[in-house]
Amino acid sequence: MFPEDFLWGGAIAANQAEGAYLTKGKGLSVADVLPVGEQRIGKVTLDIQKDVFYPSHEAIDFYHRFEEDIELFSELGLKCFRTSIAWSRIFPKGDELIPNEEGLEYYDRLFDCLNKKGIEPVVTLSHFETPLHLVKEYGGWANRQLLTFFDRYTQVVFNRYRGKVKYWMTFNEINHAHTIPLLAAGIDVNQVASEKEKLQLIYQASHNMLVASAQAVINGKKVDENNRIGCMLSLSPIYPATCSPKDVFESYELRRRSLFYSDIQLRGEYPAYFQRIAEENELNLEVEPIDFELLKKGTCDYLGFSFYRSSLHEAGMKILGNTGGLLGKKNPYLEESEWGWPIDPLALRYVCNELTDRYQKPLFIVENGLGVRDEINSFGEIIDEARMSYLNNHIKSMKDAIKDGSTILGYTWWGPIDIVSAGTGEMEKRYGFIYVDKQNDGTGTLERKKKRSFEYYKQIIATNGEKLDYQEFLK
Ligand code: BGP
């Protein structure tokens, strides 16, 4: 049984949906220099280049069409809607003293529209959207000065949206600082030569972001003690590839590399195991005594996390990852999506149990979904069975996790409407219950159209997760 006030929702990020990348004073963010194509994250130049297509510049034009889209979300029955504030709409370069009023007004209109429809906004303060100027001029989150800029930004938005937004998250997938450092931490690790220097940069940026997160929690509570502020990690689990003790132990250590972030954000202090990581990698972090006081005071109210798949680790293998989590060995027991992401609903139950045992704090599943190449049939319909099946199995698993004893605040399906993929920039990797006529090359009318999964998710919400059969939607 799902609790009566369970937050059924959908999630997007500003940079993957809004477009309007320079409208009303918005500055560039890291997302705006990502071209379309596989592996784009490794090949980015920090300038806009001529003749290169940047999907986020128009995206699905949510900036101009959000009223129409929220109308559809309301019909779908969403109880909450997660999006981010594009930091560079508010502070275009990131280091200004005065915010951009036109950027603030846009989010006033967006949050007002959601509230009017009875849809609770859930807002990420930084979802892969560090202002580009801060990356180029300051070196991104590896520079302590960003603490000041982020502090200013969070004070402005907490004050401005007081009473309009109650659920917040600080940094999206903060643990991705290791695998997608430019997006997650605004750092360009290509500029350093050795693995050691890379780790130094990543942990320095991580420390600064963790302190910034704590500072944001403190700011948010000061403005309104009713604010509920969470952290956000990518927590697809890692299984050992075999029962070899080496595989088991290394997978465990790798898991800690992620849980390091939530350990600090939820418990308020560096975990003991970090000492050894720091020594072995000769990390030399710039820290101030005040940082540790802030970490203590600014712990998060809940743990938000994304879950897409599981991965398989073998001792000694190169550790790689992308937006869905780590990329390990192929798991022979699991089917994969068209993008090679293993489909593993039971792993969601496993993760909820793991996190509940570790923290005893409420969880919020703020991303879960399946990227599919949708087909429009001769009747003009999209009967997206794979998406409905994925949804069905993951909701059952979440239900089991609740029975196991997890407290789960809500579930926000990733991409209730098709948006640009964060990992590849494609439009054709579609997650939505609502199709958007926009193609990989940027063509399309932007027209919206409901898929069959729209009716299915609507039924799930209307029955509070009780009616999960989707056979009738296949006809
Ligand atoms: C997460 C990000 C999202 C998102 C999702 C799916 O890592 O928080 O922004 O897009 O993954 O990944 P992709 O868009 O690459 O399919």
- request: Could you calculate the contour length gain from Arg256 to Ser244, that is, 0.36 nm times the residue separation minus the distance between their Cα atoms, to one decimal place in nm?
  value: 2.4 nm
field: Listed peptides 254-263, 134-143, 365-374 by packing density, highest first (mean Cβ within 10 Å)
entry: 365-374, 134-143, 254-263
Relative contact order (percent, whole number), the range 170-253, Cα cutoff 8 Å, 6+ residue spacing: 32 percent
- request: Evaluate E = 1/(1 + (r/R0)^6) for Ile48 and Glu375, where r is the Cβ-Cβ distance and R0 equals 45 Å; express this FRET efficiency to the nearest 0.05.
  value: 0.85
statement: 1/(1 + (r/R0)^6) with r = Cβ-Cβ of Glu354 and Asp441, R0 = 41 Å, i.e. FRET efficiency to nearest 0.05, evaluates to 0.45
- prompt: Relative contact order for the range 1-158: what is it in percent, counting Cα pairs under 8 Å that are at least 6 residues apart?
  reply: 30 percent
task: Any lysines with Cα under 29 Å of the Lys330 Cα? List them, leaving off those in the same chain fewer than 8 positions away.
output: Lys43, Lys196, Lys198, Lys246, Lys318, Lys396, Lys399, Lys429
- prompt: Does a label point 7 Å from the Cα of Gln191, set along Cα-to-beta-carbon, have any residues of the range 109-134 with amide nitrogen under 16 Å, and which are they?
  reply: 130-134
- prompt: When the Cα centres of the range 50-77 and the range 395-421 are compared, how far apart do they sit, in Å?
  reply: 23 Å
query: If you take every DSSP beta bridge whose two residues both sit in the chain, what share of them, in percent to the nearest 5, is antiparallel?
result: 20 percent
task: Multiply the residue gap between Thr463 and Glu282 by 0.36 nm, knock off their C-alpha separation, and tell me the result in nm, one decimal place.
output: 59.7 nm
- request: Could you go through the range 407-421 in sequence order and give the Karplus-derived ³J(HN,Hα) for each residue, using 6.51 cos²θ - 1.76 cosθ + 1.60 with θ = phi - 60°, rounded to whole Hz, and x for Gly and Pro?
  value: 9, 10, 6, x, 9, 10, 4, 6, x, x, 10, 4, 9, 6, 6
query: What size of dipole, in debye to the nearest 20, comes out for the range 333-475 about its Cα centre when the only charges are +1 on Lys and Arg C-beta atoms and -1 on Asp and Glu C-beta atoms?
result: 520 debye
field: the chain, relative contact order [Cα under 8 Å, separation at least 6], %
entry: 17 percent
field: Highest-first arrangement of 426-436, 408-418, 344-354, where packing means the average Cβ count within 10 Å
entry: 408-418, 426-436, 344-354
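Every number here is computed from the coordinates shown, using simple stated rules; none is lab data. What you see is a predicted model; the values in this text were computed from it and never measured. In this analysis, Cβ positions are derived from the backbone assuming ideal geometry, glycine residues included, and neighbour counts consider all displayed protein chains.
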